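The block underneath contains the structure these notes are about, expressed in structure tokens.
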Amino acid sequence: MALTGRTALLAALGALVVGLLVPSFAGVGAVTGALLLAVLADVLLAAPVRRLRIVRSGDTSVRLGEPATVELTVTNPSGRPLRARLRDAWPPSAWRPGTATTASRHTVLVPAHERRRVTTVLAPTRRGDHHAHRVTIRSLGPLGLAARQGSHRVPWTLRALPPFNSRKHLPSRLARLRELDGRTSVLTRGQGTEFDSLREYLPGDDVRSIDWRASARRNTVAVRTWRPERDRHILIVLDTGRTSAGRVGDAPRLDAALDAALLLTALATKAGDRVDLLAHDVRGRASVAGRSPSEILPAFTNAMALLEPALFETDMRSLVSTALRMAPHRSLIVVLTGLDAAPVEDGLLPLLPQLTRRHEIVLASVSDPHLDELAAARGTLDAVYGAAAAEQTRAERRHTAERLTRHGVTVLDAPPTALAPALADAYLAMKAAGRL
């Protein structure tokens with residue numbers, strides 16, 4: 001049972017009346033007894049809470065930063081109308097800061113043997129699964145003095161998916177892909193490309209592309225046109241170890257890596273290539289393989305939604321062996337990891353020959369733009385020391401990148417907002433060069 005502010009107000013008014021008109025214990029007892037009887041009657045006349053039937057419906061997934069709606073259908077099986085205040089409890093990460101108090105509370109009036117629906121608007125601030133806690137209902141009596149209160153567990157899970165902010169770069173990269181793919185007048189020729197069609201020779205064409213047999217049949221010089229090969233295999237490897245937990249701006253490095261992986265996946269799927277995913281630190285955290293083109297992007301976003309950085313050093317030997325099992329034939333392996341000198345030189349570099357012997361390797365890393373700001377700072381002693389430390393860090397990253405490049409690895413080191421388009425451009429450049 002719960003008392004309302006109206007009960008407290010009546011008690012104060014009753015005390016005032018007793019003090020002014022009947023200042024005695026009998027007057028106090030009479031006012032108190034009347035108020036207790038009114039409260040008891042109000043509780044008895046309120047609709048029961050335990051018998052209510054509550055069902056959830058609505059969104060089960062949403063991209064991070066976008067609103068989601070979850071509906072509660074409240075059925076009142078009793079013969080008394082339900083006048084209630086309802087609180088739909090969710091974890092704090094399911095709301096925008098400062099909105100939980102207003103968004104989770106509802107006032108509902110359900111006539112006898114009827115049902116009503118209320119809507120809760122959620123806005124998750126973290127990736128992953130958000131579970132509903134409980135629904136608390138306070139059923140008020142007709143006098144508004146007291147209420148019955150109870151809670152119902154109505155399970156529901158809302159999954160917050162990666163936001164995929166880099167999808168704004170997809171249209172421009174798809175236009176370039178259509179040029180490479182021969183859907184416009186631009187056609188390519190070179191090693192690792194597939195034959196497309198024949199056309200008449202034009203001045204400036206490579207004479208090596210002339211098809212002499214076709215020319216003899218057509219009584220005109222014909223040349224072969226080519227398109228980048230399709231149905232290539234791409235394996236995206238996400239390092240979810242401790243280096244991915246480092247924050248760049250307001251988000252960990254892992255979030256930028258997920259965004260870059262999603263853009264590459266969408267682009268490669270449109271190009272007709274097969275894309276698989278591996279997330280690994282000391283053990284495998286997620287794996288998506290063998291999905292059809294229509295299932296790849298939803299499967300990737302669902303798997304990525306549950307990924308969190310692990311505060312352990314990544315087991316590179318296990319990561320490489322797992323990647324080789326998932327890519328038994330020649331593939332493009334994209335490793336999204338850090339460029340810190342110690343983990344790369346001690347963990348990845350000794351294992352690179354196993355990867356580069358058969359596969360094309362791209363290593364993409366998230367750089368911190370704050371280093372550039374520190375390196376440019378001058379004027380005070382602290383600023384000079386900060387600039388020296390930033391320059392040393394940048395020099396170590398460049399040295400690590402050069403060592404990887406000498407082993408045949410394509411290295412990308414870009415800030416969070418530029419990593420996704422840079423990785424997409426590198427993929428398109430490889431297709432244009434026939435390296436896939």
message: Could you tell me how many of the residues in segment 147-161 are touching a Lys or Arg at 6+ places or on another chain (Cβ under 6 Å) and in contact (Cβ under 8 Å) with a residue 40 or more places away in the chain?
response: 7
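Conditions tested, residue by residue: (1) β-branched (V, I, T); (2) within 23 Å of R148 (Cα to Cα).
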site	(1), (2)
R87	no, yes
T107	yes, yes
V110	yes, yes
V118	yes, yes
L122	no, no
- request: Go through the residues of segment 92-102 one by one and say whether even a single one is farther than 30 Å from N302 by Cβ and either over 38 Å from the mean Cα position of the chain (by Cα) or not acidic (D, E) (or both).
  value: yes
query: In segment 388-426, how many residues are among the acidic types (D, E) and within 16 Å of V334 (Cβ to Cβ)?
result: 2
- prompt: List pairs: first in segment 131-146 and in contact (Cβ under 8 Å) with a residue 40 or more places away in the chain and hydroxyl-bearing (S, T, Y), second open to solvent by less than 70 Å² (accessible area, probe 1.4 Å) and not in a strand (DSSP E or B), Cβ under 9 Å, 6+ apart or cross-chain?
  reply: T136/A89; S139/A46; S139/A47; S139/P48; S139/V49; S139/L52
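Which count do you get for residues in segment 237-253 that are in a loop (DSSP other than H, G, I, E, B) and without any contact (Cβ under 8 Å) to a residue 60 or more places away in the chain? Quick ask: steps written out before the conclusion?
Within segment 237-253, the subset in a loop (DSSP other than H, G, I, E, B) is 240-241, 246, 249-250.
From what's left, without any contact (Cβ under 8 Å) to a residue 60 or more places away in the chain: 250.
Qualifying residue count, segment 237-253: 1.
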Count of residues meeting criterion [open to solvent by 20 Å² or more (accessible area, probe 1.4 Å) and either under 14 Å from T136 (Cα atoms) or of a type in the set (F, W, Y) (or both)] in segment 74-87: 3
field: Unmet requirement for I234, which otherwise passes all of (1) touching a residue at least 60 places away in the same chain (Cβ under 8 Å); (2) assigned to a helix (DSSP H, G or I)
entry: (2)
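Condition check ((1) of a type outside the set (K, R); (2) open to solvent by 10 Å² or more (accessible area, probe 1.4 Å)) across all residues:
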| residue | (1), (2) |
| --- | --- |
| A268 | yes, no |
| R291 | no, yes |
| T314 | yes, yes |
| L339 | yes, no |
task: With respect to V248, determine if the residue is closer than 23 Å to D340 by Cα, in contact with a His (Cβ under 9 Å, 6 or more places away or on another chain) and β-branched (V, I, T).
output: yes
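Sort out which residues of segment 390-428 are part of a strand (DSSP E or B) and not acidic (D, E), and write them in order of number.
Filtering segment 390-428 down to residues part of a strand (DSSP E or B) leaves 410-414.
Scanning segment 390-428 gives T410, V411, L412, A414.
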- line: For segment 35-57, pairs from a residue that is open to solvent by 100 Å² or more (accessible area, probe 1.4 Å) to a residue that is not hydrophobic (A, V, I, L, M, F, W, C), with Cβ under 7 Å and 6 or more apart or across chains, are R50/G150; R51/P77; R51/S78; R53/T75; R53/P77
task: Looking only at segment 389-436, count how many residues are open to solvent by 60 Å² or more (accessible area, probe 1.4 Å) and out of contact with any Ser or Thr (no Cβ under 7 Å at 6 or more places or on another chain).
output: 13
message: Quick check on this structure: which one of L355, L381 is out of contact with any Pro (no Cβ under 8 Å at 6 or more places or on another chain), surrounded by 15 or more Cβ atoms within 10 Å (Cβ to Cβ) and among the hydrophobic types (A, V, I, L, M, F, W, C)?
response: L355
query: Does V362 satisfy the criteria of being touching a Lys or Arg at 6+ places or on another chain (Cβ under 9 Å), β-branched (V, I, T) and modelled with pLDDT of 90 or more?
result: no
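The values are calculated or read from the model by the stated rules, or taken from the named source; none is laboratory data. Since we're looking at a predicted model, the values are computed, not measured. Heads up, the Cβs are rebuilt from the backbone with ideal geometry, glycines too, and the neighbour counts pull from every protein chain shown. The accessibility values were calculated without ligands, DNA or RNA, using every heavy atom of the protein model including side chains. Shrake-Rupley method; radii C 1.70, N 1.55, O 1.52, S 1.80 Å.
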